[in-house]
Amino acid sequence: MMHEEVELETYPTEALSSPFENGDDHAGEDEDAALVDVSLHENSAGIERSRDAPWCLGSTLCTPQFTRVPVRVGALIAIMAPLIALVVVIAYMVGAYASQRDDEATPGVAFGINRIAFGSCTSYHHVSQPVWVEGVIPSAPDAWIWMGDMSYMDDPNINCDDFPTHSNCNCTADWLHIPPHGCNAGNLDHATLRMEAQLQHRDYQQMLEYMCPGYLASGNFPPAGGDPQVCPRPILGVYDDHDFTWNNGNGRLPQKYLAKQIFLDAIGVPRDSPRRAWGRGIEWQHTLNAELPGREVDVFLLDGRYHRDELPCEIRGAYCKELIIPMFEHGPFGLGLDPDRLTVDQALALRRLQNEAARRGPWCVDLVRGGDTGDGSCCAKDSQMAKWCAAPGMRDQHPALWQEACNASAPEFGQRSLVVKGEGGVDWAPQPPDGSEPRDMRQESPFCE
């Protein structure tokens with residue numbers, strides 16, 4: 001519910017910084033990725049992770065909380081003097097702009113949050129991001145909300161067009177990894193480095209300083225975006241696919257519990273937040289201006305990845321059976337095509353299809369013929385599940401299980417992990433002996449609808 005009108009501004013940050021123009025699915029052969037990302041290693045080399053931060057998990061993946069490493073003061077002054085002068089000028093301009101607004105005040109004091117900015121999609125490579133200094137900061141937002149792709153954590157560190165045999169680009173294709181740009185899907189170490197580089201980006205750090213003035217004094221980096229004592233102008237958000245570590249990813253992602261911690265660490269979500277728990281995504285409700293009756297603004301952030309199902313079997317099955325698998329296994333002749341009798345346009349279309357089959361072929365074979373029964377890694381389970389639910393007497397014989405597994409209108413539906421057995425039966429997923437949350441059973445018993 002929104003109790004008062006607020007100014008909303010959106011910033012497609014990728015438009016000012018990305019060398020790609022084809023949107024989210026950027027694995028096409030015609031895309032120009034001319035920039036080689038070496039800044040990631042440079043930016044990450046001087047970072048020391050801090051495992052004592054209040055929202056840090058304290059595990060081997062304590063990501064990505066860090067403290068600054070000391071540098072030579074003389075060298076720092078020589079390097080930073082021009083930048084300091086520029087920041088002073090920018091700060092003066094921002095101050096002059098903000099002073100013209102009658103409602104401009106420190107958020108959380110008299111006037112609260114009046115202007116909310118939204119944004120997503122920083123850049124595939126860690127190049128300049130002028131949108132922060134030239135667009136977001138001068139507009140003086142009172143709150144910033146990430147709408148996804150804060151960092152492209154699954155993207156390679158190098159230009160795969162120039163280095164096609166590099167391990168970041170050349171991998172064995174399967175249902176999760178699709179070369180050349182998807183080889184690092186689900187790679188948590190790679191994802192951590194990519195997020196660290198974004199947090200250390202000099203342009204984004206100016207944004208952090210604006211939203212959370214003096215945040216380094218708190219001893220933690222990145223700042224706790226939702227803590228008004230650290231960030232008077234809050235930084236909130238939710239991931240999408242690339243900061244979930246998998247382009248167009250869904251709930252089948254291995255170690256997705258650990259993957260979500262990287263994003264939550266990056267925006268400074270407390271360690272004891274329910275958003276970090278097993279078995280749930282990072283969806284959340286924030287109430288802004290909660291201390292100002294009549295001026296509250298409820299913000300609902302939805303997680304479209306953690307429990308996302310795959311595309312329906314009919315769509316993916318037809319695509320794989322009729323197009324990709326014949327081309328993948330038998331080449332053009334699998335589709336009844338003779339490469340020597342094609343027009344120029346037909347030959348070009350065939351080349352694109354061959355490239356797509358090389359990328360998607362193993363994934364399609366797994367979909368159609370994988371799994372324990374050889375009937376497919378996903379769709380056969382859907383069919384078994386539907387048959388069990390429709391079988392006579394199942395509702396009476398297993399009333400509690402039937403409600404959770406089959407009755408989509410029941411409050412119990414989908415509340416616990418289920419497994420479809422090899423003989424077609426359905427049961428609850430086994431409970432670990434230590435009493436912890438059952439593991440995600442999609443690897444053993446995936447559902448796609």
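The table below lists the values:
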| quantity | calculated |
| --- | --- |
| Residue list for segment 138-157, restricted to those being of a type in the set (A, V, I, L, M, F, W, C) and open to solvent by 10 Å² or more (accessible area, probe 1.4 Å) | M147 |
| Residues being touching a residue at least 40 places away in the same chain (Cβ under 8 Å), part of a loop (DSSP other than H, G, I, E, B) and either basic (K, R) or closer than 28 Å to S417 by Cα (or both) - total across segment 278-316 | 16 |
| Selected residue (criterion: most open to solvent (accessible area, probe 1.4 Å)) from residues of segment 325-349 that are in a helix (DSSP H, G or I), hydrophobic (A, V, I, L, M, F, W, C) and more than 24 Å from C183 (Cα to Cα) | F333 |
| Residue check, R276 at pLDDT 90 or above, touching a Leu at 6+ places or on another chain (Cβ under 9 Å) and either within 30 Å of L236 (Cα to Cα) or not basic (K, R) (or both) | yes |
| Candidate set: segment 120-178, residues that are β-branched (V, I, T) and assigned to a loop (DSSP other than H, G, I, E, B); chosen: the one farthest from V299 (Cα to Cα) | T165 |
| Count of segment 209-225 residues which are surrounded by 20 or more Cβ atoms within 10 Å (Cβ to Cβ) and without any contact (Cβ under 8 Å) to a residue 24 or more places away in the chain | 2 |
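The values are calculated or read from the model by the stated rules, or taken from the named source; none is laboratory data. The structure presented is a predicted model; accordingly, all values stated were derived computationally and were not measured. Here Cβ is always computed from backbone atoms with ideal geometry, including for glycine, and neighbour counts include all displayed protein chains. To get the accessible areas, we keep the full protein, side chains included, count just its heavy atoms, and leave off ligands, DNA and RNA. Shrake-Rupley method; radii C 1.70, N 1.55, O 1.52, S 1.80 Å.
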